[in-house]
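Student: For reference, the structure I am asking about is given below.
The values are calculated or read from the model by the stated rules, or taken from the named source; none is laboratory data. These numbers come from a predicted model, not from an experiment. Don't worry about glycine lacking a Cβ; one is built from the backbone with ideal geometry, like all the others, and counts go over all protein chains shown.
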Amino acid sequence: MDYFTLYNIPISLKVNKEQVQTKFYELSKKYHPDLSFRLEGLQHEEALNLSAEINEAKKH
């Protein structure tokens with residue numbers, strides 16, 4: 001997964017940490033497992049996968 005694409009930020013050697021933090025919270029709210037339980041089948045599974053990728057991207 002390309003983290004720049006996931007967070008929708010420009011590719012750069014020097015990343016704006018505030019922009020990453022803002023995108024992280026925005027995506028976390030949208031795909032958090034506690035909120036995606038209302039989705040069914042593949043949509044729920046995709047939300048869980050995206051949530052994991054969002055969290056992994058934040059670590060890097």
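Student: Can you pull out every residue in the stretch 26-44 that is surrounded by 11 or more Cβ atoms within 10 Å (Cβ to Cβ), part of a helix (DSSP H, G or I) and at pLDDT below 75?
Tutor: Scanning the stretch 26-44 gives Pro33, Leu35, Ser36, His44.
Student: Okay, next question. For the stretch 9-22, state whether one or more residues are aliphatic (A, V, I, L, M), outside any loop (DSSP other than H, G, I, E, B) and modelled with pLDDT of 80 or more.
Tutor: First, pick out the residues of the stretch 9-22 that are aliphatic (A, V, I, L, M): 9, 11, 13, 15, 20.
Next, only the ones that are outside any loop (DSSP other than H, G, I, E, B) stay: 20.
From what's left, modelled with pLDDT of 80 or more: 20.
Yes, there is a match, as at least one residue in the stretch 9-22 is aliphatic (A, V, I, L, M), outside any loop (DSSP other than H, G, I, E, B) and modelled with pLDDT of 80 or more.
Student: Enumerate the pairs (first residue in the stretch 1-28 and within 18 Å of Ser51 (Cβ to Cβ); second residue anywhere and loosely packed, with under 12 Cβ neighbours inside 10 Å) with beta-carbon separation below 7 Å, excluding pairs fewer than 6 apart on the same chain, so at least 6 apart or on different chains.
Tutor: Tyr3/His60; Lys23/Asn8
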